[in-house]
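These notes concern the structure reproduced below.
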Amino acid sequence: MKIPQLHVGAGTAAGPLTIFPVWTAGAGRLGITTGLNADIAVSELTSGARVGNLTILNKGKTNALLLEGELLEGGQQHRTCSRDVLVGPGESMDIETFCVEAGRWEAGQSIHRRLARRAPVNVRAELAYAGAAPGRDSQAQIWERVRRFDAARGPSATSSLPEHLDRFGADTRPQSVPPIPKPLEGQRGVLIGVAGQPLLLEVFGTGTLFRRHYRQLIEAVLLDAELLPASARNAAPMPGQAARDLAAIAGPMDFGEFYGSGDVRRHDTMRSRHINGTRGPVRASGIAVVLPDRAPEIVHVSYWNTNHFLMETS
């Protein structure tokens, strides 16, 4: 199972970012909703609140997708989803999360919010490594990555990642950063260069799924730019060849047979499973599905260039 052939378009500079549109073939409609269109309720576990888990309930009539790095705000503390999750209509499930607010544990707080915001890639980078090495304390690494924003932008009272995103809204973003380029016809993904180096390629199974998350993704990466040294902020735009080189490594990555893993979940007539892979310096994770009478299809996948300095682990 591989991503269909990738086509990378011309890049657009946005401050220290270079944003490349990506197209890929696909069968079309998947019957999945996501982002703010997904009617998903979030709550603490009924057995007792835990940092590393939340309960989600799909209140809608369509399979719903939560993305790795999607922020689940409120409750006893803010969390982020640890990996892609597909949840069927009426289905409730406990999911793995990481805390992105080290200084608050508000017992009894039960109000949760889903704004479909994404964590900056400085934080999401740790999700690519989570569980990759025995004894790795990914939660501690994520708290440290959030504290980088406290140091660079002024402290949050509870070291809250959503608070930093709130401060860095469109009204307070540096005027020197150009507007985010609009998605193009048929676009299904985006490749992002930061400070002249390729960092992230993110691809969705349909253009609609992509558009539901595009702006939130770019807004989060613009916050990452606040962590860059002056020399990196002023770097020249990333050349298109560097973007195509990353796509050339990512495209042939084989995620294996769909039913070759014991990770398959059933959602009425749809089946889903997580996908993971590594090829050279590129690490990938996402989710794929099978529909009746159709070949397996990748719904969402993120490819990370582990050689980029924002992927550093300490």
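Provide the FRET efficiency to the nearest 0.05 for the Leu45-Arg147 pair, computing r from the beta carbons and using R0 = 45 Å. The partial results should precede the final answer.
On the way: r = 27 Å, r/R0 = 0.59.
The formula returns an efficiency of 0.95 here.
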Carbon and sulfur atoms account, in whole percent of the 1.4 Å probe accessible area of the chain, for 50 percent
Diffusion coefficient in µm²/s returned for region 251-314 by Stokes-Einstein, Kirkwood Rh over C-alpha pairs, 25 °C and 0.890 mPa s, is 188 µm²/s
With Cα springs under 10 Å, the Gaussian network model of the chain assigns the largest mean-square fluctuation among Glu126, Glu297, Glu91 to Glu91
Binned at 10 Å starting from 0, the alpha-carbon pair-distance distribution of region 1-72 in whole percents comes out as 14, 28, 31, 22, 5, 0
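From the P(r) of region 1-156, could you give the percentage of C-alpha pairs in the tail past 28 Å?
Numbers: 3656 of 12090 pairs.
Across region 1-156, Cα pairs with separations above 28 Å total 30 percent.
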Over the chain, the sum of -39500 (n - 2.57) across DSSP H runs of at least four, divided by residue number and rounded to 500 deg cm²/dmol, gives at 222 nm -6000 deg cm²/dmol
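Based on the Kirkwood radius over alpha-carbon pairs, what is the Stokes-Einstein translational diffusion coefficient of region 218-271 at 25 °C with 0.890 mPa s viscosity, in µm²/s? Could the numbers behind the result be given before it?
Numbers: Rh = 15.6 Å.
Estimated diffusion coefficient is 157 µm²/s.
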Row for region 83-148, column shape: gyration tensor on C-alpha, a ≥ b ≥ c, rounded if a/c < 1.5 i.e. under 1.5, prolate if a/b over b/c, else oblate; value oblate
Computed on Cα atoms, the radius of gyration and Dmax of the chain in angstrom are 18.6, 54
For Lys182, counting only aspartates and glutamates whose alpha-carbon sits under 18 Å away and dropping same-chain residues fewer than eight positions off, the answer is Glu202, Glu219
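Taking 8 Å as the Cα distance limit and 6 or more residues as the minimum spacing, I'd like the relative contact order of the chain as a percentage.
Computed value for the chain: 21 percent relative contact order.
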With every protein chain kept in place and a 1.4 Å probe, the chain has an accessible area per residue in Å² of 42 Å²
Descending packing, highest mean Cβ count within 10 Å first, for 183-190, 243-250 is 243-250, 183-190
Whole-percent tail of the Cα-Cα distance distribution for region 88-217, cut at 19 Å, equals 63 percent
If one builds a Gaussian network model of the chain from Cα atoms under 10 Å apart, the most fluctuating residue listed among Gly286, Gly28, Gly196 is Gly28
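Can I get the semi-axes of region 196-314's equivalent ellipsoid? Compute them from the C-alpha gyration tensor as square roots of 5 times the eigenvalues, in angstrom, largest first.
On the way: eigenvalues 192, 51, 34 Å².
Each semi-axis is √(5λ); the values are 31, 16, 13 Å.
Multiplying the sequence separation of Asp94 and Arg244 by 0.36 nm and subtracting their Cα-Cα distance, what value in nm do you get? Write out the running numbers ahead of the final one.
Values: separation 150, 0.36 × 150 = 54.00 nm, distance 3.82 nm.
Length gained between Asp94 and Arg244: 50.2 nm.
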Shape descriptor, region 50-124: equivalent ellipsoid semi-axes (Cα gyration tensor, sqrt 5λ, whole Å, largest first) stand at 20, 15, 10
Packing-ranked peptide list from 259-266, 13-20, highest mean Cβ count within 10 angstrom first, is 13-20, 259-266
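The values are calculated or read from the model by the stated rules, or taken from the named source; none is laboratory data. Everything quoted here is computed from the prediction, not taken from an experiment. Glycine gets a Cβ as well: all are built from the backbone with ideal geometry, and neighbour counts include every protein chain shown. Ligands, DNA and RNA are excluded from the accessible area calculation, which covers all protein heavy atoms including side chains. Shrake-Rupley method; radii C 1.70, N 1.55, O 1.52, S 1.80 Å.
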